[in-house]
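Structure first, commentary second.
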Amino acid sequence: GVGPPPPPPNPSSSPVDIGCSDDPTWAGKFNPAHTCEYVGEDPAVRCRFESLDGTLASTACKATCGSCTHAPTVSVTTLSPTTTSVCGSSPMTLYDFEDQSSDLTVSPFLLSGGANDPWAIDTNGGCSGSNSQLTAGAGGNGVDRNSILSIDVPPGATQVSYYYSHPGGLSTGDGEVFQSRFRVNGGIQLQERYESDPLPATCAQSACLEIPAGSTSLEFRCRTRNPDQLCSIDHVQFYMDISTLSPTLNPTKVPTKSPTRLPVTSSPTPMPTGTPTLSPVTSKPTSSPVPRLDPIEFTNQ
């Protein structure tokens, strides 16, 4: 069998409170004026009203009907440059579905489709030693319509892995499917198809899936017909590739140069202050040198 991934370092788990508010767009199917405010006038009766798309007032008007819940326990691992994992990246957020009171209809989850036994928390055991997992069809009625569980992709997540279980021989000709896919820019990008596997799988570990850029959610889609057929997932682990993060740089001091001083050869002569005193200038005429004459002796002749 496939062994569990190495446990992430220093995990911490705690219930995450979901914002408790009414959906301002909800209205009863018989009268558009039957909003959550109208439901609040008689919640004991009107919280059972539903909209045109079948959404119950108790689901849309959580604050009014007092139906606020908690999201599943989320294990968050502090990123570390030395952390490694089966995906070769750093573990971010883990959904292990151990909180059995979790509501799969509130963020970060969304349920759609599935008239019989849609995705729900199955307390009959999970993968890798856990006590519960998510299963579609656990009630023994089969999933007679496409049941889709959507999980928001955490910001910064680049990869994801999970454990999965399914029966063997799901027939695509009968419309039986078990798939994982990403919702990207409003469209669907299929990742894994398990309905073509001839043998059943029990707590098999998925490949490490690269999350396409622009993905908003990871979806699991299941549809079965026979009561003994079901689909299960557990330990949905998101990862961040820390090699894509810019390292935190310490500010670098730019060396400063002292200004270059020119050598001073002499002290500058201070300029005199006040009115300068002029000395009289005596000029001497310039003359050619006079030759020296020797005395002449005159004699009487």
Lys and Arg at +1, Asp and Glu at -1: neighbours of ALA204 with Cβ under 15 Å from its Cβ sum to -3
Between ALA33 and ASN226, the FRET efficiency computed from the C-beta separation at R0 = 41 Å comes out, to the nearest 0.05, as 0.35
Provide the gained length on full extension for the span SER196 to VAL45, in nm with one decimal, where the gain is 0.36 nm per separating residue minus the Cα-Cα distance.
49.7 nm
How much of the accessible area of the stretch 98-145, in percent, comes from carbon and sulfur atoms when a 1.4 Å probe is used?
40
Computed from every Cα-Cα pair in the stretch 108-155, P(r) in 10 Å bins starting at 0 and rounded to whole percents is 27, 44, 27, 2
Around PHE238, under 13 Å between beta carbons, what's the net of Lys plus Arg minus Asp minus Glu among the other residues?
-4
Which number do you get for Rg(Cα) / (2.2 N^0.38 Å) in the stretch 139-248?
1.17
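The values are calculated or read from the model by the stated rules, or taken from the named source; none is laboratory data. Just so it is clear, the model here is predicted, and its values are computed rather than measured. Note that each Cβ is placed from the backbone with ideal geometry, even for glycine, and that neighbours are counted across all protein chains shown. Areas reflect the complete protein model, heavy atoms only, side chains present, ligands, DNA and RNA absent. Shrake-Rupley method; radii C 1.70, N 1.55, O 1.52, S 1.80 Å.
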